[in-house]
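Just so you know, all these numbers are worked out from the coordinates, no wet-lab data involved. From a predicted model like this one, the values you see are computed outputs, not experimental measurements. Counting neighbours? That spans all protein chains shown, and the Cβs are built from the backbone with ideal geometry, glycine included.
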Amino acid sequence: MIRKGTTMSILTLLGDYYHSHDLVLAFIKEVLNDKELTDISSDSLSEELEKQPELFILSKENRTTPEEEDVKPWLTPQLDQELWDYVSNGGNLLVLHGGLSAYPEDSRMRQLAKGHFLHHPEEHLDVMYEGTTPESEAIFFHFLDEHYFVDVDEEETNVFLRSKSSEGKQIAGWRHTIGEGKVLCLTPTHRKEGFEDETFKKLFKQSVEWLCD
């Protein structure tokens, strides 16, 4: 079991071919400005997980070369197992947007998230998000976004946020426990407009607080 201290240690693995690393990092730093943050590449993930951070934030799809014929994943079988061990032994995982994309359906990562990205419409749409925060506060927000369509094991998790656009309705936020740890997944956003939304900032902050409570 990971000991919870007064100083929260947060590990981040962010950004990919389609999603800006700097934009999501700036957002996290703004919302969690009083927290210790270690931003890494996938090459150092194994070493950093051994230090048992209180929270690991993943916002990076699994494909490192999505535009090439040889699509190289960064998630090795060893890292896949280490992520499972980290969470089940008391670690906390927050999966954002692209962090749900391109992980094998038979992977430990997919078992941790209890969901994965399927597709999104080619064009950005006005996506409306409605549900509750982890503190059961009703919320509603909308902005131009990639409307993520996902496959979620709804019977094995707690869905607290749903999305709607001209293309249909979807699950947009869910949370659950794995062993002694917690996992929370959010499908919004990768654009500056979304990261500047005050209601989404509140949702993100309360999600972190739920994970690390």
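Let's see if you can work this out: charge +1 on each Lys and Arg Cβ, -1 on each Asp and Glu Cβ, no other charges. What is the dipole magnitude of segment 77-164 about its Cα centre, in debye to the nearest 20?
It comes to approximately 120 debye.
Which of the lysines could a cross-linker bridge to K164, judged by Cα under 24 Å and excluding same-chain residues fewer than eight apart?
K60, K114, K192, K201, K202, K205
Which value in Å is the Kirkwood Rh of the chain over different Cα pairs? Show your work: numbers first, answer last.
Values: mean 1/r = 0.0583 Å⁻¹.
Here the Kirkwood hydrodynamic radius works out to 17.2 Å.
Nothing charged except the Cβ atoms of Lys and Arg (+1) and of Asp and Glu (-1): what's the magnitude of the dipole of segment 128-213 about its Cα centre? Round to the nearest 20 debye.
That gives a dipole near 220 debye.
What number comes out for the charge environment of Q170, summing +1 per Lys or Arg and -1 per Asp or Glu over other residues with Cβ under 12 Å away?
Around Q170, the charge tally is -3.
At most 10 other Cβ atoms within 10 Å plus a DSSP loop assignment makes a site exposed; report the longest stretch of the chain without any exposed trypsin sites (Lys or Arg not before Pro).
Looking at the chain, 52-213 is the longest stretch - no exposed trypsin sites (Lys or Arg not before Pro) with at most 10 other Cβ atoms within 10 Å.
Using only Cα atoms, what is the ratio of the radius of gyration of segment 20-59 to 2.2 N^0.38 Å?
On the way: Rg = 10.7 Å, N = 40, 2.2 N^0.38 = 8.9 Å.
Normalised by 2.2 N^0.38 Å, the Cα Rg of segment 20-59 equals 1.20.
In Å, what is the Rg of the alpha-carbon atoms in segment 1-110, and how long is Dmax?
Rg, Dmax (Cα atoms, Å): 13.9, 47.
When the C-alpha atoms of segment 77-196 are aligned to their principal axes, what extent does each axis show, in angstrom, from largest down?
Rounded to whole Å, the extents work out to 39, 32, 27 Å.
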